[in-house]
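Visitor: Let me give you the structure first, and then I'll get to my questions.
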Amino acid sequence: MMVKIADDLAAYGWAKCEDFLSNDEWRALVADIQRLKDANLMRPAGVGRATDFQLNASVRSDLIYWLDEHETSSAQKVALARLDELRTTLNRELYLGLRELEAHLTHYGPSGHYAKHVDNFQGQSSRILSCIVYLNESWQPSDGGKLLIYAPNDPERLLGEVEPRAGTLACFLSRDIPHEVATTTRDRLSLTGWFR
């Protein structure tokens with residue numbers, strides 16, 4: 001599974017892997033998100049950083065909770081360990097030099113979306129690989145919320161689509177791949193992270 005992800009990244013700049021997390025593993029993360037929402041700890045996500053940071057729901061409309069390596073739940077530890085296995089494989093197979101992961105839990109409500117973008121802040125290139133693990137049971141095409149992946153040199157040309165089905169991993173080269181979250185018609189949950 002991990003080597004296939006490496007092969008697809010090398011060939012296409014992005015990859016998809018179903019069953020990256022087991023049913024028990026992704027359900028435990030869903031419970032984490034529910035607990036965080038109930039405690040009012042999920043915060044509106046913004047765009048930009050430092051003095052350029054802003055909340056702009058016309059661009060991005062999700063709630064997030066940044067993971068803290070010192071305060072992770074058992075469910076988060078399992079998911080992060082699986083992502084670290086991926087990091088090790090990609091470093092061995094593709095010599096990416098991935099060292100650390102920043103990650104958050106994500107909740108898009110109905111009508112949630114994220115306009116087309118790349119995952120590096122302007123003038124910075126520390127993010128190398130973006131990873132999204134979906135946590136949505138019984139997702140249907142009519143629910144919307146697909147990850148749309150575009151060509152690096154032609155951001156109007158669609159390369160692929162990923163349904164946000166529970167347990168599925170999507171990953172892509174952060175600096176190169178424009179992508180967007182299509183409007184969703186129901187709650188859409190994920191664990192999202194970036195390897196530096």
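The values are calculated or read from the model by the stated rules, or taken from the named source; none is laboratory data. Please read these numbers as outputs of a predicted model, since none were measured by experiment. So basically every Cβ, Gly included, is an ideal-geometry build from the backbone, and we count neighbours across all protein chains shown. Quick note on the areas: whole protein, heavy atoms, side chains included, nothing else; ligands and nucleic acids left out. Shrake-Rupley method; radii C 1.70, N 1.55, O 1.52, S 1.80 Å.
Visitor: Is there a residue being farther than 18 Å from A6 by Cβ, β-branched (V, I, T) and surrounded by fewer than 19 Cβ atoms within 10 Å (Cβ to Cβ) anywhere in region 180-192?
Guide: Yes, region 180-192 contains a residue that is farther than 18 Å from A6 by Cβ, β-branched (V, I, T) and surrounded by fewer than 19 Cβ atoms within 10 Å (Cβ to Cβ).
Visitor: Sticking with this one: Can you say whether Q140 is among the polar types (S, T, N, Q) and touching a Leu at 6+ places or on another chain (Cβ under 7 Å), as far as the supplied structure shows? Explain how you work it out, then say what you get.
Guide: On the way: among the polar types (S, T, N, Q): yes; touching a Leu at 6+ places or on another chain (Cβ under 7 Å): no.
Against the criterion (among the polar types (S, T, N, Q) and touching a Leu at 6+ places or on another chain (Cβ under 7 Å)), Q140 does not qualify.
Visitor: Count, please, the residues in region 158-178 that happen to be in a strand (DSSP E or B) and farther than 7 Å from L147 by Cα. Full working, then the answer.
Guide: From region 158-178, those in a strand (DSSP E or B) are 158-162, 169-173; that's our starting set.
Pick out the ones that are also farther than 7 Å from L147 by Cα and you get 158-160, 169-173.
So the answer is 8.
Conditions (1) free of Cβ contacts under 8 Å to residues at least 12 places away in the same chain; (2) among the acidic types (D, E), marked per residue:
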{"site": "A103", "(1), (2)": "no, no"}
{"site": "Y114", "(1), (2)": "no, no"}
{"site": "D119", "(1), (2)": "no, yes"}
{"site": "I128", "(1), (2)": "no, no"}
{"site": "C131", "(1), (2)": "no, no"}
{"site": "W139", "(1), (2)": "no, no"}
{"site": "G145", "(1), (2)": "no, no"}
{"site": "D154", "(1), (2)": "yes, yes"}
{"site": "L159", "(1), (2)": "no, no"}
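Visitor: Pull up region 111-164, narrow it to residues that are among the aliphatic types (A, V, I, L, M) and open to solvent by less than 10 Å² (accessible area, probe 1.4 Å), then point me to the one that is nearest to the chain's Cα centre (by Cα). Show your work before the answer.
Guide: Narrowing region 111-164 to residues among the aliphatic types (A, V, I, L, M): 115, 118, 128-129, 132-133, 135, 147-149, 151, 158-159, 162.
Narrowing further to those that are open to solvent by less than 10 Å² (accessible area, probe 1.4 Å): 129, 133, 135, 147, 149, 151, 162.
Details: L129: 10, V133: 6, L135: 11, L147: 9, I149: 12, A151: 18, V162: 11 Å.
Taking the candidates together, the pick is V133.
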